[in-house]
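What follows is a short report on a single structure.
The values are calculated or read from the model by the stated rules, or taken from the named source; none is laboratory data. Everything numeric here is computed off the predicted structure, so don't read it as measured data. Counting neighbours? That spans all protein chains shown, and the Cβs are built from the backbone with ideal geometry, glycine included. Please note that ligands, DNA and RNA were not included when accessible areas were found on the heavy atoms of the full protein model with its side chains. Shrake-Rupley method; radii C 1.70, N 1.55, O 1.52, S 1.80 Å.
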Amino acid sequence: MSRSILITGGAGFIGSHLADELLRAGYKVRALDSLTEQVHGTGAARPSYLSPDVELIVGDVRDADAVRRALRGIDAVYHLAAAVGVGQSMYEIAHYTDVNNRGTAVLLEALAERPVERLVVASSMSIYGEGLYRRSDGSVQTNAERSIEQLKAGLWEPRSEDGEALAPVATPEWKPPCLSSVYALSKFDQERMCLMVGRAYEIPTVALRFFNVYGPRQALSNPYTGVLAIFAARLLNDKPPLIFEDGEQQRDFVSVHDVAHACQLALEAGSAVDHVFNIGSGQHFTVKEIAQRIGRAVGKEYIDVVVNGKYRVGDIRNCFADITLARDLLGYAPKVGLDDGLRELAEWLAEQSAEDNVDKASQELAERGLTV
Ligand SMILES: NC(=O)c1ccc[n+]([C@@H]2O[C@H](COP(=O)([O-])OP(=O)(O)OC[C@H]3O[C@@H](n4cnc5c(N)ncnc54)[C@H](O)[C@@H]3O)[C@@H](O)[C@H]2O)c1
């Protein structure tokens, strides 16, 4: 008999792709999702992209009864439901803590009553804060940070304690977290809580730290999520992508298909249990380059990007993934290159209209002193 899988947040961007991946592999899939307005729009109905084979339970992960109902007959759980904006988490502090931390706690209480064969939790690269850096003498620095004074002066790159330039290098899982937003704090909390309670109740648990995930179905009207979706929403409205700092910050953009596949591997690989894994592409690009490439991909290369020289509280400069551990223990090998990924995104975008809420979001942050 095929195994039944529950995905919390399964109507969202990553969850819906994961559902497709699992259905293709012969699993039964149920989603528990509250269809939040910020992601799904007002009066949200079941998203049309969600496979009809997914059983959708509309409910909140903080609602213990809904969670218990959703767990009936389930063999394994992916916990993806979360509020997902770094900037927004710095002023909707109670909401982020409630959905992400308490939501996970409610789910874990239900799982403690009724353990499953596997729990996979979505964590995030944001927990690292700055990625790993190398000093000129070859040693690594794990705790690079930037002072507000430095940022106000437009000195964007982190420096060593001696004021020496540092070179960003791929970040492995062992780099200690440096939590610089309420969102990051909540993702670390989710990850630790799942691993801890999983161990206590013998629920084999795996945590996946996703890097910058992109692809079709990412909510374009949500100004707080993926940077590629935000740039795309601007371009669709004939507005320039808005880039903070100088645009030279580096990130790891990973296709949602590779992420969905990594999730499936985490369900099946015995050696994955009790581990955390970076799930990225293993490549890195500057944010400015990404903005220009998505511009070209959607045929709007004539719109110049705007580099605003501002800084958002909680933003980091460079972080990209070392994916060696996922390669070794999960057998993870990203397959979608950036050009192919952007082409697919552009094709999907051509059929979308996007409400561009970036100016509103920038204003929210500025009013609260969260940009300088
Ligand atoms: N997209 C990325 O780049 C990225 C990077 C790192 C980590 N993650 C993590 O991956 C997971 C999925 O992210 P996504 O990009 O698909 O986001 P998304 O917003 O598209 O999906 C999240 C889903 O969770 C649902 N949800 C929110 N609050 C809920 C609640 N209280 N109860 C039930 N459902 C609720 C939303 O309606 C939405 O469908 C999240 O945990 C996120 O933190 C995403």
Rounded if a/c under 1.5, otherwise prolate or oblate - segment 19-168, Cα gyration tensor axes: prolate
Surface accessible to a 1.4 Å probe, Met193 within the full protein complex, Å²: 40
Amide H contacts of Asp63 (H built 1.01 Å from N, under 5 Å, at least 5 apart or other chain): none
Tilt relative to the chain, helix 13-24 - C-alpha long axis, 0 to 90 degrees, to 10: 40
Crossing angle, helix 103-113 versus the chain [Cα axis fit, 0-90 degrees, rounded to tens]: 30
Packing rank of 103-111, 37-45, where each peptide gets the mean count of other beta carbons within 10 Å, highest leading: 103-111, 37-45
Interchain or long-range residues, amide H under 5 Å from Leu56's placed H: Ala31
Average accessible area per residue (Å²) across segment 4-367 - probe 1.4 Å, nucleic acids and ligands excluded: 40
Accessible surface of segment 212-284, 1.4 Å probe, proportion on carbon and sulfur as whole %: 47
Distance between segment 288-302 and segment 181-224 - C-alpha centres, whole angstrom: 29
On Cα atoms only, tilt of 287-297 relative to the major axis of the chain in degrees: 70
Volume of the Cα convex hull of the chain, divided per residue and given in Å³: 131
Partners for Lys300 among aspartates and glutamates (Cα-Cα distance below 18 Å; same-chain residues under 8 apart left out): Asp238, Glu289, Asp339, Asp340, Glu344, Glu347, Glu351, Glu355, Asp356
Relative contact order [Cα under 8 Å, 6+ residues apart], segment 1-152, whole percent: 22
Residue-level accessible surface for Lys239, protein heavy atoms, 1.4 Å, Å²: 70
The chain: calculated mean residue ellipticity at 222 nm from DSSP helix runs of at least 4, using -39500 (n - 2.57): -9500 deg cm²/dmol
